[in-house]
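Novice: After the C-alpha cells below, expect a handful of questions from me.
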Amino acid sequence: MTLRASQLLLSFAACLVCGLAGTPETLAQRLPKATGREPENKPASPRREGRYKRHRAPAASKNPASVESENFLDLGERFREQKKWKAAEAAYKEAVEVWPGNVDALMELGFLYLDRNRLDEAQQTYSKLRSLNASYASDLLAEINRRKATLAH
C-alpha cells in the first residue's frame, strides 16, 4: 500500500470514528476551541432539493480516485444530515483532494459554506467550480448573489 493510500485510509477512518463515536459531550471534549466563527449547532438553511442532479460517472469510466472521492462525498452528506458541519466540510474537502474533478463535492462544499454564512469561502469554491462545470457554477453563483442581496437589505 502506498503512503498516499495509507494516509487517505487513515483520514477516512478518522472521519468515520468521529462521526460515530460517543455523545455530543465527548465529541466536544475532542474538538478544538472555538475560532470565533458561528456556533457548530447552528441550523442549516433548507436544502436545495431538485436544483441540480448529482452526476455519477458510469461504472466503466470510474477510477480508484473517483470511487474514493464519491465515498467521501457520501460521508459528507451523511454528516450534513446529522448536522455535523465540520465533519461534513472535512469530508467534502477530502473528496475534492482525492479527485479534483468531483464537481458534486465542490458544489456541496459551496452550498455548505453558504448555509454556514461563509460567503467568501463559497465565492472561492465557485471560482474552482467554474472551470469544471459552468452549469453547477452558475447555480452556486446565483445562490451566492441571492444571499448577498438578502444581507444588503
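The values are calculated or read from the model by the stated rules, or taken from the named source; none is laboratory data. Treat the numbers as computed from the prediction; the structure is a model and nothing was measured. Backbone-built Cβ (ideal geometry, glycine too); neighbour counts: all protein chains shown.
Novice: Would you check if residue 94 is under 9 Å from the mean Cα position of the chain (by Cα) and in contact (Cβ under 8 Å) with a residue 40 or more places away in the chain?
Specialist: So residue 94 passes the test.
Novice: A further question follows. Does the range 130-148 contain any residue that is modelled with pLDDT of 95 or more and of a type in the set (Phe, Trp, Tyr)?
Specialist: no
Novice: Shifting gears a bit: Does any residue in the range 130-146 that is over 12 Å from residue 119 (Cβ atoms) come within less than 6 Å, Cβ to Cβ, of a residue that is part of a helix (DSSP H, G or I) and among the small types (Gly, Ala, Ser) six or more places away or on a different chain, and which pairs are these?
Specialist: Qualifying pairs under 6 Å: 130/137.
Novice: If you check every pair at least six apart or on different chains, which have Cβ atoms under 9 Å apart with a residue in the range 76-88 that is polar (S, T, N, Q) first and a residue that is part of a helix (DSSP H, G or I) and surrounded by 21 or more Cβ atoms within 10 Å (Cβ to Cβ) second?
Specialist: Matching pairs, first to second residue: 82/88.
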